[in-house]
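K.L.:
First the structure, which I've put down as structure tokens, then a few questions once you've had a look.
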Amino acid sequence: MNNRMFLRSVLIGSSLLAAMSAEATGSATFNVTATVVQTCQVSASDLAFGGINVVQNTETDAQTSITLTCGSGVTYNVGLDAGQGSGATTTTRVMTNTGGPGTLNYTLWQDQNHTTNWGNNSPVDTYPSTGTGSQQTLNVYGVVPAGQQSTPYGSYADVITVDVYY
């Protein structure tokens with residue numbers, strides 16, 4: 001009887017092992033998706049005209065740059081606002097004397113020859129381009145025009161906002 005029970009136990013155990021190794025399998029799939037969004041990152045360097053001798057009655061030029069990285073294929077326009085000076089427009093910006101009364105007019109241009117104003121009316125007077133996914137540098141050309149001899153001495157400042165439309 002012991003042998004018989006042993007044999008029966010072995011047979012039952014073998015059947016269980018066979019059943020466990022013959023488990024059913026299944027499979028499924030799932031989708032993997034992503035959306036690359038249109039994006040741009042922008043930074044700008046300060047524009048410093050330095051010392052201006054208004055008595056000489058000559059224009060003063062200066063240059064700065066905007067650094068921009070937009071995704072590959074992203075079309076964009078870069079605009080510069082009028083600044084914070086009272087009465088400023090995008091064609092005649094105004095720096096204000098930080099220590100007293102007085103203003104100093106200046107202009108911003110897209111080109112070194114000062115033929116293309118840099119405004120903020122997209123796409124009329126903004127800088128158009130297409131992103132490459134790499135950093136792009138845009139030059140900004142500033143001019144303090146002659147004819148401001150009555151401007152009081154002092155330090156003048158303004159703040160320009162760079163807008164990127166995409």
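K.L.:
May I ask you to list the residues in segment 107-128 that are among the aliphatic types (A, V, I, L, M) and either on the phi > 0 side of the Ramachandran plot or in contact (Cβ under 8 Å) with a residue 40 or more places away in the chain (or both)? Let's see the steps before the verdict.
P.N.:
As a first pass, look at segment 107-128 and keep what is among the aliphatic types (A, V, I, L, M): 108, 124.
Residue satisfying the conditions is Leu108 alone.
K.L.:
Right, next: Identify all residues within segment 48-98 that are aliphatic (A, V, I, L, M) and not in a loop (DSSP other than H, G, I, E, B); write none if there are none.
P.N.:
Applying the first criterion (aliphatic (A, V, I, L, M)) to segment 48-98 yields 48, 52, 54-55, 62, 66, 68, 74, 78, 80, 82, 88, 94-95.
Scanning segment 48-98 gives Val54, Val55, Ala62, Ile66, Leu68, Val78, Leu80, Val94, Met95.
K.L.:
So, Thr67, is that one polar (S, T, N, Q) and farther than 24 Å from Asp125 by Cβ or not?
P.N.:
When the stated conditions are applied, Thr67 does not pass them.
K.L.:
Does Thr25 meet the test of being surrounded by 15 or more Cβ atoms within 10 Å (Cβ to Cβ) and among the β-branched types (Val, Ile, Thr)?
P.N.:
The answer is no for Thr25.
K.L.:
Then there's this: I want to confirm something. Restricting to segment 46-71 and keeping residues that are over 19 Å from Thr116 (Cα atoms) and within 13 Å of the chain's Cα centre (by Cα), which single residue is surrounded by the fewest Cβ atoms within 10 Å (Cβ to Cβ)?
P.N.:
Going through the qualifying residues, I end up with Thr67.
K.L.:
Between a first residue in segment 35-57 that is on the phi > 0 side of the Ramachandran plot and a second residue that is of a type in the set (Ser, Thr, Tyr) and part of a loop (DSSP other than H, G, I, E, B), which pairs have beta carbons less than 9 Å apart while being 6 or more apart in sequence or on different chains?
P.N.:
Listed pairs, sorted by first residue: none to list.
A short reminder: the numbers here are calculations on the coordinates, not readings from a lab. Not measured: the values here are computed from a predicted model. No Cβ is skipped: glycine too gets one built from the backbone with ideal geometry, and neighbour counts run over all protein chains shown.
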